[in-house]
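Bear in mind these aren't lab numbers, they're just calculated from the coordinates by the rules spelled out. The structure presented is a predicted model; accordingly, all values stated were derived computationally and were not measured. Note that we place each Cβ from the backbone using ideal geometry, even for glycine, and neighbour counts take in every protein chain shown.
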Amino acid sequence: MDKKEKKMKNHNKAIKAVSVIALSFSLTACGSSSTASAAAAGTASSKASDSVNATWSLIDTANLAKADIDLSAADGKLKAILDSGKLVVATSPDYPPAEYLDSATGMVKGSDMMLASYIAYNLGVDLQIETMDFNAVLTSVDTGKADLAISGFGYKKDRAENFELSKGYQSSTSAAACHTLLTFTDTVDDYKTLDDYSGKTIAAQAGSLQQMYVEDEIPGASLELVTSLDQAILDLQAKKVDAIAFDCITAKTYAASSNGQFSKSTVEFDLTPYADFAGTVVAAKKGETSLIDAVNASIDTMTENKYYDQWYLDACADSGAGTED
């Protein structure tokens with residue numbers, strides 16, 4: 001659930017149930033908060049409310065290679081994490097399959113959360129997941145509330161200037177390679193090119209890659225920035241906007257859940273100008289190079305062994321968000 005940036009991957013993850021759309025994946029109110037504690041063995045527990053207290057496995061580490069990280073000279077935030085035995089990760093869980101809330105338990109899941117669990121496993125610490133609005137995720141890292149921000153962030157120059165960003169990562173079947181728009185089924189055929197959206201009002205999540213794509217490629221559009229995906233859907237439903245900028249998988253998922261009201265556009269944003277920055281990144285506070293180096297080591301081992309590919313497919317199946325055709 002920051003796609004309007006240089007790396008592909010929309011951001012936002014906590015979706016409130018919308019009366020007209022019964023999404024197949026977990027929908028919860030943005031700004032809700034849950035905490036997950038995952039041991040190095042890859043098990044996490046989360047209390048979604050006073051009445052829910054369940055445990056589930058984010059990843060099975062039994063057969064996973066451990067990243068080679070030299071922790072002997074750890075300093076700064078990395079040393080504090082090792083001393084406390086806890087890694088705090090901030091996310092906005094409204095972006096299945098990367099991060100979402102389980103509809104039955106309210107617990108945080110997703111391929112990005114599996115990566116978070118893997119990083120904690122490599123550091124030998126517990127994982128604590130803090131959920132919040134998308135626009136608060138990076139701030140939580142800057143203020144020290146969280147150690148890492150993992151919420152579908154893509155590369156943006158200003159983001160790199162203000163935060164330590166990891167190497168990019170993505171599944172070979174992820175939404176990173178495709179971004180489009182969601183609009184009304186009865187008008188979707190009116191849009192043959194991006195120029196056809198000029199003069200229309202388009203919603204996009206503030207700070208996301210989609211915001212950047214709309215600004216760069218549909219300069220004649222009126223951009224409506226929202227803090228959460230559920231608000232964008234409500235605005236579209238109320239016809240306050242003509243379309244929503246999404247990655248293709250999310251657009252496809254919402255369309256399938258709308259009882260025919262919305263459709264995924266056949267028009268896609270041109271991503272070639274951003275090719276050098278493809279992927280999703282993890283963010284840490286500026287100056288925390290030891291921590292981001294440890295994250296990069298985890299990403300290298302994960303990528304080499306294609307772990308994220310499987311985590312992504314597993315999360316797609318669990319969340320109901322299918323892979324792009």
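Per 10 Å bin, what is the whole-percent P(r) computed from every C-alpha pair distance within the stretch 178-275?
18, 57, 24, 1
Using 0.36 nm times the number of residues separating Thr303 and Ser222, minus their current alpha carbon distance, what extension gain do you get?
Value of the extension gain: 25.3 nm.
Which links in Lys79/Lys285; Lys145/Lys252; Lys77/Lys167 stretch past 23 Å when you go from one Cα to the other?
Lys145/Lys252
Among DSSP beta bridges lying fully in the stretch 178-275, give the percent that are antiparallel, nearest 5.
Roughly 55 percent of the DSSP beta bridges within the stretch 178-275 come out antiparallel.
For a quick protection proxy, order the peptides 233-243, 311-321 by their average other-Cβ count within 10 Å, most packed first.
311-321, 233-243
Going by average Cβ density within 10 Å per residue, which order do the peptides 299-306, 258-265, 93-100 take, highest to lowest?
The peptides rank, most packed first, as 93-100, 258-265, 299-306.
How many angstrom separate the Cα center of the stretch 257-320 from the Cα center of the stretch 172-242?
Cα centroid of the stretch 257-320 versus Cα centroid of the stretch 172-242: 20 Å apart.
Fully extended, how many nm does the chain gain between Thr266 and Lys239 (0.36 nm per residue separation, minus their Cα-Cα distance)?
Between Thr266 and Lys239, full extension yields 7.7 nm more.
Enumerate the residues in the stretch 120-149 having an amide nitrogen under 12 Å from the point lying 7 Å beyond the Cα of Ser84 toward its Cβ.
126-130, 141, 143-148
May I ask which of Lys109/Lys156; Lys157/Lys286; Lys156/Lys264 have a Cα-Cα span longer than 21 Å here?
Lys109/Lys156; Lys156/Lys264
Gain in length, Asp75 to Thr143, computed as 0.36 nm per residue apart minus the alpha-carbon separation, to one decimal in nm?
22.7 nm
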